[in-house]
Amino acid sequence: MERDIVIYPADVLKEKAEEVEEFNQEVRDLVNDMFETMYKRGGVGLAANQVGVLKRVIVIDLHSRTEKQGKEQLVLINPEIISQEGEVVKEEGCLSLPGLYRKVKRAAYVKVKAQNVEGEEFELEAEGLLARALQHEIDHLNGIVFIDRLSPIQKRLALEKYRKLKRKYERELAKKR
Ligand code: NI
């Protein structure tokens, strides 16, 4: 079932999500709904905060916008960055800040520890787009959005631009309903 995407500056995007302790049907339904919602919006990653659920769950599919969609799905529950290296500056966007893109500095390499939907622990090493997506989504679980990673001046400029984009987005949403 597709869920509504929460749009910045909603409070749920600024709050810390809670650890998942029970790996039950509710968590599996959440994961399925998050993939469906992400594909509908053409995103490559989504955190549970973005559908209004404060649980430490993220989904990623780098092939979201290609014919390989669904073949390499990543689900990370209670993810944690255990090591990181290097620095890369690249443009980023977010389904919760529709239309806004900014260059953000991230680690070039990350090693992440997480659990799967069964609760089994695993580790994942990543570079490139996957490393960026992991850092972006794990930030969401900690109540951080990508513009929070900008300098104060850059963030202020981004927010000015975003206010205009948001009004446009809301007008378009209203037309569709
Ligand atoms: Ni995002």
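The values are calculated or read from the model by the stated rules, or taken from the named source; none is laboratory data. In this text the structure is predicted, and so the values were computed from the model without any measurement. All Cβ positions, even for glycine, are placed from backbone atoms using ideal geometry, and neighbour counts span all protein chains on display. Keep in mind that these areas ignore ligands, DNA and RNA; they rest on the heavy atoms of the full protein, side chains included. Shrake-Rupley method; radii C 1.70, N 1.55, O 1.52, S 1.80 Å.
Overview of values
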{"read-out": "Trypsin sites (Lys or Arg not before Pro) restricted to the range 68-125 and DSSP loop, no more than 11 other C-beta within 10 Å", "value": "Lys68, Lys71"}
{"read-out": "Neighbourhood net charge (15 Å Cβ-Cβ; Lys/Arg +1, Asp/Glu -1) for Pro152", "value": "+3"}
{"read-out": "Taking the C-alpha atoms of the chain, convex hull volume expressed per residue in Å³", "value": "116 Å³"}
{"read-out": "Links that overshoot a 26 Å alpha carbon limit, given the list Lys55/Lys176; Lys40/Lys166; Lys111/Lys155; Lys40/Lys68; Lys14/Lys166", "value": "Lys55/Lys176; Lys111/Lys155"}
{"read-out": "Met1, Met34, ranked by accessible area, largest first (probe 1.4 Å)", "value": "Met1, Met34"}
{"read-out": "Global geometry of the range 50-153, whether rounded, prolate or oblate, following the gyration tensor of its Cα atoms and the 1.5 cut on a/c", "value": "rounded"}
{"read-out": "Loop-located GluC sites (Glu not before Pro) in the range 110-177, at most 14 other Cβ atoms within 10 Å (DSSP)", "value": "Glu118, Glu120"}
{"read-out": "Ellipticity estimate at 222 nm from DSSP helix runs (n ≥ 4, -39,500 (n - 2.57)) divided over the chain, nearest 500", "value": "-11000 deg cm²/dmol"}
{"read-out": "For Val104, residues with placed amide H under 5 Å, excluding near neighbours", "value": "Lys90, Glu91, Glu92"}
{"read-out": "Heavy atoms of Val112: accessible area, 1.4 Å probe, square angstrom to 10", "value": "0 Å²"}
{"read-out": "Karplus-derived 3J(HN,Hα), 6.51/-1.76/1.60, for each residue of the range 59-64, Hz, glycine and proline x", "value": "10, 9, 8, 5, 9, 3"}
{"read-out": "Furthest towards positive pole of dipole, Ala107, Ser83, Gln73, structure part the chain, Cβ charges", "value": "Ala107"}
{"read-out": "Over the chain, relative contact order from alpha-carbon pairs under 8 Å, at least 6 apart, %", "value": "22 percent"}
{"read-out": "Coil-residue GluC sites (Glu not before Pro) of the range 22-65, DSSP, other Cβ within 10 Å capped at 14", "value": "Glu22"}
